[in-house]
1. Being assigned to a loop (DSSP other than H, G, I, E, B), outside the structural domain of B:E129 (by TED's automatic domain parsing), surrounded by 12 or more Cβ atoms within 10 Å (Cβ to Cβ) and of a type outside the set (F, W, Y): is that true of B:T222 here?
2. Those residues that are polar (S, T, N, Q) and in contact with a Leu (Cβ under 6 Å, 6 or more places away or on another chain), I need them from segment B:82-96; list them, please.
3. All but one of (1) in contact with an Asp or Glu (Cβ under 8 Å, 6 or more places away or on another chain); (2) in the same structural domain as A:G20 (by TED's automatic domain parsing) hold for A:I181; which doesn't?
4. Has segment B:273-280 got any residue that is out of contact with any helix residue (DSSP H, G or I) (no Cβ under 7 Å at 6 or more places or on another chain), of a type in the set (G, A, S), within 26 Å of B:Y157 (Cα to Cα) and exposed (fewer than 14 other Cβ atoms within 10 Å of the Cβ)?
5. Need the failing condition index for A:I128 against (1) more than 13 Å from chain B (Cβ to nearest Cβ); (2) touching a residue at least 24 places away in the same chain (Cβ under 8 Å); (3) β-branched (V, I, T), just the number.
6. Working only within segment B:109-121, note down all residues that are surrounded by 11 or more Cβ atoms within 10 Å (Cβ to Cβ) and either modelled with pLDDT of 90 or more or among the charged types (D, E, K, R) (or both).
7. Within segment A:149-157, is there a residue that is at pLDDT 95 or above and in contact with a Pro (Cβ under 9 Å, 6 or more places away or on another chain)?
8. Out of (1) in a helix (DSSP H, G or I); (2) touching a His at 6+ places or on another chain (Cβ under 9 Å), what's the single condition that is false for B:A237?
Amino acid sequence: MLSLGVVLVAGMAQSQAREGRLLRLDPDARLAPDQRTAALAAGRRVFRAQCAGCHGPDGRGDTGYGAPNLADRDWLYGTGAVGEIEQTIAYGIRSHQPKGWNLADMPAFGAPRPSAKERLDPLSPGDIGDVIAFLSARRGATASAEAVARGRAIYQGRGGCYDCHGGDAAGDPAIGAPNLIDAVWLYGDGSPPSVFRSIAQGRRGVMPGFAGRLSAVQLRQVSLYVKSLSEAP
Amino acid sequence: MTATAPPAAGVAWLDIRTVHPRRALILMGAGAGLGLVLAGAALFTAKGTTTLVVPADAVAMVNQQPISRIDFDGQLRALAVDPAKATPAMRRQVLNDMIREELYVQRAKELDVGLVDPEVRSAMVKAVEAQAAADAITSKPDSAELRGFYDKHRDKYASEGVMVVRDLVFPPAAAAQARTALAAGAAPEVVATRFGGRDTGKTSGEEFYFAARIHLGEALFTAARALKTGEVSEAIADADGAHLLVMARNTPPAQYDFETARAQVATDYQAAAVARYQGAEDGFLRRRANVLVAKDLK
């Protein structure tokens, strides 16, 4: 009995020491192979239980819901550092948590007042079509030269798109504005009608924060797991 | 009372039926020891106990308040592009700033500055509202709930209608003839010149319904909306003459199916849940509070 107790306490102490070592490391530090294997296995369990409902069991996301693919190398926020991923998971996105990401929403340009925060005028359906033509030309598709020119003017002018998505339309990971000229879509399939809906109706995806619901070590484990998804060959 | 002869030592230890004072003492001691070890372990790991240890998920304890490692990391990242490369001086600087902030926040609680500073008060109100809102969106709404929400608010999940319409105004006497010409397919410019009318210029090209409504005004928009592509409205009398609306293309709102609208439905559903939770928080605070209102304001 005594030995059972000692083993129990020793086991507790050892696993705590292990978790402590993981937490005290810089999030992006290289882990020893067995430490990494254990952390990823635990992270995967957390992911299955907490995240798969929105991001899918394999983390490949759900474009009908606006849950991003976590298994690619494309990040809405930051550059994919484990520390940044951990921050997002802990505090969420538009989660109403004070420390969550909440810097910009996609305005609804097909509504009388596109944005509650920004002063922007609505666009006409033709304007939106022109911007879509401009963006698809930037992706290398063919589009009418006049439409592209009009679209560029709107993108860089009264649409204010450049302000959030960047002058080159490659997105801004500081505010979570997606890249509009790559093949990765947060919403829908990237077809003109689906892009039209994003621009006309606006978007503001919500990701809950998990601080307080997951322990610090679980947060670290699931962050490492998410990072590992994008590193798989 | 008959005394039993002491049995052989080894057997006596294990034989539960015989009393063995030394065994009793040792087991009791072991039990107490184990209890102490467990209690000690709990003491040093439980939340809210005074400890001299900084837990692994914190970078410092300020009067037993942890400064979270994730937050430290976030602050560091705001300063250095790659926190792994942050210098020890940077780390110290960030940590010192965070400790200082915590000390001041704790002092503010002691002084109850929130009671007097309007900015702090409003920040506190916002923080409690945000807390209630965050509680509302901790998980994915299940698909049946989303579908129910979609069914209840179907009209929200439709494309905005689009029209290409021209608003021409004529002297009232010429309106009937102008209408006949337009309905026969004559170009609006030609008809306008021939019957002394003009394009009011209120609309231009493709417009969303909401924009056309603003540009045309309620009465003309209502008439325009009812026109099919290619139709011309009846003459509509107004202060400046008789208006004829020529509808080049009218695409009424089209319902989105649930799959197409799902992301939008989820956003709206969450917003509604947030409002509900905040309302509940309001009600809860009021119910448990004892609020007395002066007679003259009742």
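1. Here the answer is no, as B:T222 does not meet what is asked.
2. none
3. Here A:I181 clears every test but (2).
4. yes
5. (1)
6. B:D117, B:R121
7. No, every residue in segment A:149-157 fails to be at pLDDT 95 or above and in contact with a Pro (Cβ under 9 Å, 6 or more places away or on another chain).
8. (1)
The values are calculated or read from the model by the stated rules, or taken from the named source; none is laboratory data. The structure presented is a predicted model; accordingly, all values stated were derived computationally and were not measured. Virtual Cβ from ideal backbone geometry, glycine too; neighbours counted across all protein chains shown.
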